[in-house]
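Trainee: Once you've had a glance at the structure underneath, I'll fire off some questions.
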Amino acid sequence: MAAFAVGCTAAADAPTARTTPPPSPSTSVSISPEPSTARIPPAANTQLPLDVERTARAFTRAYAEHDARDGRDRAYADAGARAAKLATGALAPTLAEVRPIQAAPWAALRAEKAHQRASVNSVAGPDGAPSATRTSALVRVGYTLTTIPKSGPKRQSEEHLALQLERTAEGWRVVALPWA
C-alpha cells in the first residue's frame, strides 16, 4: 500500500541540519518565509460537478490542516482520521494510521505549538485526465498551507493534492490519492 503512504517525504528521514521546521505531511515540501503568489490554474477543458468540488475541498482541508497546540491533535494521523470521513474503501482506514516516519516532523510542529490551515485555491481536472463522469472523477486541488507557530512569523507554501473520487450511496468520496 505504498500509494497510501502519503504524509511525509524522504527528506524527513535524512539526518541533516535544519534551519526551518520539517515539511508538513502534504504532497509538497516547499516552505517559504514569505507568502507566495503562485497558484495552480484550473484546467481549461474540465468542468467538475459542484458536489465533486465541494467534497475535494472539504477532504483537502481535513487532510492538510493540523493543530499541534496543547490539547489538540496528537499526531498527523488525527487529520487523516478527519479526512477518512470523506473517504471510502481501502483508503479510509489507511488515512488514520500513525506512521513512525511522521514522528520527527510532528515533534517539530509540536515544539512550535503551531497550527496549519489550508486555503483551497483551485479544484480542477488534471491536464490530460479524463473528464469527470456521473460516478468517477479525478481532480487536482491547489491550496495554500499556512503554518502559524505560537511565536515567530507564519509561513506559507503552495501545495497540491491529487484525488480520485467515486460516487457512493453517501455521496462523493475519495477512494485514492493518485501519484502520492
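Trainee: Could you please tell me which pairs satisfy a Cβ distance under 6 Å, a separation of 6+ or placement on different chains, a first residue in region 61-86 that is within 17 Å of Ala107 (Cβ to Cβ), and a second residue that is of a type in the set (Lys, Arg)?
Mentor: If the second residue must be of a type in the set (Lys, Arg), the pairs left are Ala68/Arg110; Arg69/Lys113.
Trainee: Take region 91-102 and flag every residue that is over 23 Å from Gly142 (Cα atoms) and either surrounded by 15 or more Cβ atoms within 10 Å (Cβ to Cβ) or touching a residue at least 12 places away in the same chain (Cβ under 8 Å) (or both).
Mentor: Glu97, Val98, Arg99, Ile101
Trainee: Then there is this: What single numbered condition from (1) more than 13 Å from the chain's Cα centre (by Cα); (2) more than 18 Å from Glu65 (Cα to Cα) fails to hold for Gln102?
Mentor: For Gln102, the exception is condition (2).
Yes or no, residue by residue, for (1) among the small types (Gly, Ala, Ser); (2) over 13 Å from the mean Cα position of the chain (by Cα):
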site	(1), (2)
Ala114	yes, yes
Arg117	no, no
Pro149	no, yes
Gln156	no, yes
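Trainee: When only residues in region 123-145 that are of a type in the set (Ser, Thr, Tyr) and crowded, with 17+ Cβ neighbours inside 10 Å count, which is farthest from Arg110 (Cα to Cα)?
Mentor: For region 123-145, the residue satisfying everything is Tyr143.
Trainee: If you scan region 127-147, which residues turn out to be farther than 15 Å from Trp172 by Cα and more than 16 Å from the chain's Cα centre (by Cα)?
Mentor: If the condition is that a residue be farther than 15 Å from Trp172 by Cα and more than 16 Å from the chain's Cα centre (by Cα), then Asp127, Gly128, Ala129, Pro130, Ser131 are the ones that fit.
Trainee: Something else about it: Just wondering, is there one or more residues in region 160-167 that are within 15 Å of Asp51 (Cβ to Cβ) and of a type in the set (D, E, K, R)?
Mentor: Checked against the condition, which is being within 15 Å of Asp51 (Cβ to Cβ) and of a type in the set (D, E, K, R), region 160-167 yields at least one hit.
None of the figures in this text is laboratory data; all of them are computed from the coordinates on show. The structure presented is a predicted model; accordingly, all values stated were derived computationally and were not measured. Glycine also receives a Cβ, built like all others from the backbone with ideal geometry; neighbour counts cover every protein chain displayed.
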